[in-house]
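A short write-up of the structure that comes next.
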Amino acid sequence: MSSPTLWHNPRCSKSRETLALLQQRGVEPVIVEYLKTPPSAAELDRVLNLLGREPRELMRQGEEAYAGVPAGADRAALIRYMVEHPKLIERPVFINGKKAAVGRPPEAVLEIV
């Protein structure tokens, strides 16, 4: 089984709070700074499936890049766009085995620890 992983942005307070909460529970996840190392399309698709969400549901709509999201784009095209523009990916995302959770609020990740 793979190690627990956190898609993390150290500049984001929710991401930092989520990491601290996990560490307080004795969980030391593998930290992936997804802005520096974006997930592949296949990995993003897998995590979306684990979350039970569609791509637009994991997009940060307030980001400037969201204006460029192709209208009517299919799932694969939206995922490619998110990989090309990782700022659009909501954060933080905690992946633990075959489960994933978005740390908004940070306590949401505790359901899958």
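Since every read-out is calculated from the coordinates, none of them should be taken as a lab result. Given the structure is predicted, the values throughout are model-derived calculations rather than measurements. Using ideal geometry, Cβ is built from the backbone for each residue, glycine included, and neighbour counts are taken over all protein chains shown.
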Cα-centred dipole magnitude for the chain, charges only on beta-carbon of K, R (+1) and D, E (-1), debye, nearest 20: 120 debye
Selection from Leu51, Ala41, Leu110, by position along the positive dipole direction of the stretch 5-112 (Cβ): Leu110
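Based on the mean of other beta carbon atoms within 10 Å per residue, what is the order of 64-73, 7-16, most packed first? Can you show the working numbers first?
Working: 64-73: 10.8, 7-16: 16.9.
Going by the mean number of other Cβ atoms within 10 Å, highest first, we get 7-16, 64-73.
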Span from the the stretch 63-110 Cα centroid across to the the stretch 20-52 one, whole angstrom: 11 Å
Choice from Val83, Val32, Val93 with maximal GNM fluctuation in the chain (Cα, 10 Å cutoff): Val32
Separation in nanometres of the label points that stand 7 Å from Cα toward Cβ, at Glu28 and Ala71: 5.1 nm
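Which order do the peptides 97-104, 52-59 come out in when sorted by mean C-beta neighbours inside 10 angstrom, highest first? The partial results should precede the final answer.
Details: 97-104: 17.6, 52-59: 15.4.
My ranking of the peptides, most packed first, is 97-104, 52-59.
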Top of Ile79, Ile95, Ile31 by mean-square fluctuation, Gaussian network on the chain, Cα under 10 Å: Ile31
Partner lysines for Lys99 [C-alpha distance under 21 Å; skip if fewer than 8 residues away on the same chain]: Lys14
Contact order normalised by residue count of the stretch 2-113, Cα under 8 Å, 6+ apart, percent: 36 percent
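As a test, work out the antiparallel percent of DSSP beta bridges whose residues both lie in the chain, rounded to the nearest 5.
For the chain, the DSSP antiparallel bridge percentage is about 65.
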